[in-house]
Amino acid sequence: MKLSITRIGAIASKEFLHLRRDRLTGGMIAGIPIMMTLLFGFAINQDVRHLHAGLADLANTQASRALAADVVATQVVDIVEHRATAAELEELLVRGRISVGLVIPADFERRLAGSGRPIAQLLVDGGDPIVLGAARGLAGMPIPGAAASRSAEPFAVRAYFNPERRSSIHIVPGLCGVILTLTMTLFTSIAIVREREHGNLELLITTPVQTLELMVGKIVPYVLIGYLQVALVLTLGAVLFEVPFRGAVLDLVVGAGVFVAATLTLGLFISTVATTQFQAFQLTFVTFLPQMLLSGFMFPFDGMPRPAQILAEGFPLTHFVRIVRAIVLRGADLEQLRPEIWPLGVFFVIAMSLAMLRFRKRLD
Amino acid sequence: MQTELTPPNGASAEPAIRTHGLTRRFGDLVAVDKIDLTVPRQRIFGFLGPNGSGKSTTIRMLCGLLLPSEGSAEVLGLDPSRDAEALRTRIGYMTQRFSLYEDLSVVENLRFLAQIHSMTRDRRKTRVDEQLARFDLAVRADQLAGTLSGGQKQRLALAAATLHEPELLFLDEPTSAVDPQSRRDFWETLFDLVDQGATILVSTHFMDEAERCHELAILDEGRLVASGEPQELMAAIDAAVIEIEAQRSREASKQLETLPYVQSVAQLGNRLHALVDSNLEEPAARLQHALAEAGLEARCRETTANLEDVFVAATRDRPEASP
Ligand SMILES: Nc1ncnc2c1ncn2[C@@H]1O[C@H](COP(=O)(O)OP(=O)(O)O)[C@@H](O)[C@H]1O
Ligand SMILES: [Mg+2]
């Protein structure tokens, strides 16, 4: 028997009807992207104010006091602790009492007059992208009374805990992938289990519908929903956080399409393994967490140990994070991204085959 | 009308279903035990049996939903374990549990199935409208299936199972959640369907429904313990049926159960119904005498068996269990 578009259409439009009736799932389609973009987005908001700061003014001259006053006047930091040494500030930083430490060296006046070395040091909790961004802003502020000929940055910023100083703009495009991984897998992982739990499957498998028609019909509606979510996240990112879009939209449509298909079939496979909707939820999270942590979304991929990298190459999200960042932020085209696209295609074919092998039009 | 489209005449055609030693095990449990069946075409064939007797399992094997552990089946000339796909366009199956989508409306459910059966757009529309009218669901067309009453759900399920006009219809306990009037209407519909050429296999545990079937198979613990037309089964019962009117019927019932030749006693209002070994001579007099000896006054007389008697006689303890 050959595949029937009519039957695939029947399954797909039925899934749409379920979605329309199921307020919670329907709400999740827009709710999760909006919520996560806002949550992650405010974490990358550079306009930070009133961070707790500590001061170690080793010079204690009029000029050094003026510098400290100027720093406070930016409203980025509030000086809440005064200490005598840089080491004491470091200790406060480690304890989490302060997130920025300002060290003004004893030879401050001489540095200010000279040209070579920075005039002061900012100790920053660099593990926190908000703080790191804020400190960078501080470092660029004009220093009153400094020699016009100075070539060096006025402050030396020392970022603790995150020496890589990852650009926070990476977060929003990568977030598209994280959101799609979560919602796409979740929606399809319950797609077949739900029919089984509600007793619909016994009727469905007694009809002439074929396994592949059923699988394709179940993922088609969600591909559209996936595009909707990508558009939503990138639009929010652009409007609220000024995330640029440098590549071609069509390239992203292709890249996201392959990724969404791969993620949806992972969900379908879970749906053929799980016996209850709750199990499907659990398995979804089991596959989601390592993807989020190891894909390069949260932590720089190059910094991970080799075994973790090898494992992560098998995750769809890893490839999509690279694709979406390359297209959105660096304006790359698909031709350049071929090494990231084909693994997604392979993943799709394997997951679909496994799902079809596991799914029998039988009850035993 | 072309001749090859006329439905085959019931008497001459191949049977709709034939099974040989059909068996299904779940682990150690033998759910269906070597069943041999022949279901003729254009008949209502009943499966009568208590819960767990293997009715659903047998039906599932015949639909190709479960593979037999042993034995074979032929359904409309096809082997359901190999030709399930070809079979599925020709059979309808109404599951024991309501299996349509509760969050879809009546008409959405029917449209979905019409599309799954690859009907053309025009055909879909006419068939759905026909079924809505026929099963009295037109006014409920836009109601969500989950909010229908038991009888309405059952009509919808039958409308769905017959949407593609199958030759053979499997109905698994279709009337368990339905009031008596709906049950009567339902059976009228079944006879109409048979008139139009369909064959129906229906499972039930209601005696009055079983009695309406053209033929009956009684299942017990996976075994086929009796089969035939209801009238035949009642005539051929391997026991004498004695009706007893006693003053103290509970005591009389207990007393009768102690007698070795009494197979079973059932109370029907004020009267008792006893099944007695058929080789016993003058059974009514023997019972009356036995009761009198126990100081119980009673009037006993022999009567004809009803289907419940047949069922009780067929499903009582296995022969090897009694002396
Ligand atoms: N999937 C299954 N797994 C294990 N046991 C089963 C399964 N389906 C049915 N059974 C068992 O097989 C027996 C027959 O069940 P079933 O065919 O549903 O009986 P009926 O329909 O007559 O009530 C029961 O004892 C039931 O518990
Ligand atoms: Mg059953």
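Results, tabulated for the structure shown:
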item	result
Lone unmet requirement of (1) within 13 Å of another protein chain (Cβ to nearest Cβ); (2) surrounded by fewer than 20 Cβ atoms within 10 Å (Cβ to Cβ); (3) at negative phi for residue B:99	(2)
Selection from region B:40-62 of residues that are within 15 Å of residue B:200 (Cα to Cα), within 13 Å of ligand 2 (Cβ to nearest atom) and touching a Lys or Arg at 6+ places or on another chain (Cβ under 9 Å)	B:47, B:48, B:58, B:60
Among (1) over 30 Å from residue B:309 (Cα atoms); (2) surrounded by fewer than 22 Cβ atoms within 10 Å (Cβ to Cβ); (3) within 16 Å of ligand 1 (Cβ to nearest atom) - the single one residue B:66 does not satisfy	(2)
Filter pass, residue B:93 being touching a strand residue (DSSP E or B) at 6+ places or on another chain (Cβ under 7 Å), modelled with pLDDT of 95 or more and in the same structural domain as residue B:33 (by TED's automatic domain parsing)	yes
Among the candidates A:92, A:58, A:19, A:102, residue that is more than 30 Å from the chain's Cα centre (by Cα), surrounded by 15 or more Cβ atoms within 10 Å (Cβ to Cβ) and over 18 Å from residue A:133 (Cα atoms)	A:58
Subset of region B:102-125 that is more than 7 Å from chain A (Cβ to nearest Cβ) and among the polar types (S, T, N, Q) - its residue that is most open to solvent (accessible area, probe 1.4 Å)	B:120
Given (1) closer than 29 Å to residue B:45 by Cα; (2) within 14 Å of another protein chain (Cβ to nearest Cβ); (3) in a helix (DSSP H, G or I), index of the condition residue B:151 fails	(2)
Pairs with Cβ under 8 Å, 6+ apart, first in region B:169-187 and of a type outside the set (A, V, I, L, M), second modelled with pLDDT under 85	B:186/B:178
Which numbered condition residue B:19 fails, given (1) away from ligand 2 (no atom under 16 Å from the Cβ); (2) under 17 Å from residue B:198 (Cβ atoms)	(2)
Residue within region B:269-281 that is open to solvent by 50 Å² or more (accessible area, probe 1.4 Å), under 29 Å from residue B:184 (Cα atoms) and in contact with a strand residue (DSSP E or B) (Cβ under 9 Å, 6 or more places away or on another chain) present	yes
Conditions (1) within 13 Å of chain A (Cβ to nearest Cβ); (2) away from ligand 2 (no atom under 16 Å from the Cβ); number of the one not met by residue B:170	(2)
Qualifying helices (runs of 4 or more DSSP H) (wholly inside region A:1-86; at least 2 residues being within 14 Å of chain B (Cβ to nearest Cβ))	A:5-21, A:23-43
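The values are calculated or read from the model by the stated rules, or taken from the named source; none is laboratory data. Everything numeric in this text was worked out from a predicted model, so none of it was measured. So basically every Cβ, Gly included, is an ideal-geometry build from the backbone, and we count neighbours across all protein chains shown. Remember, those area values only see protein heavy atoms, side chains included, never the ligands or the DNA or RNA. Shrake-Rupley method; radii C 1.70, N 1.55, O 1.52, S 1.80 Å.
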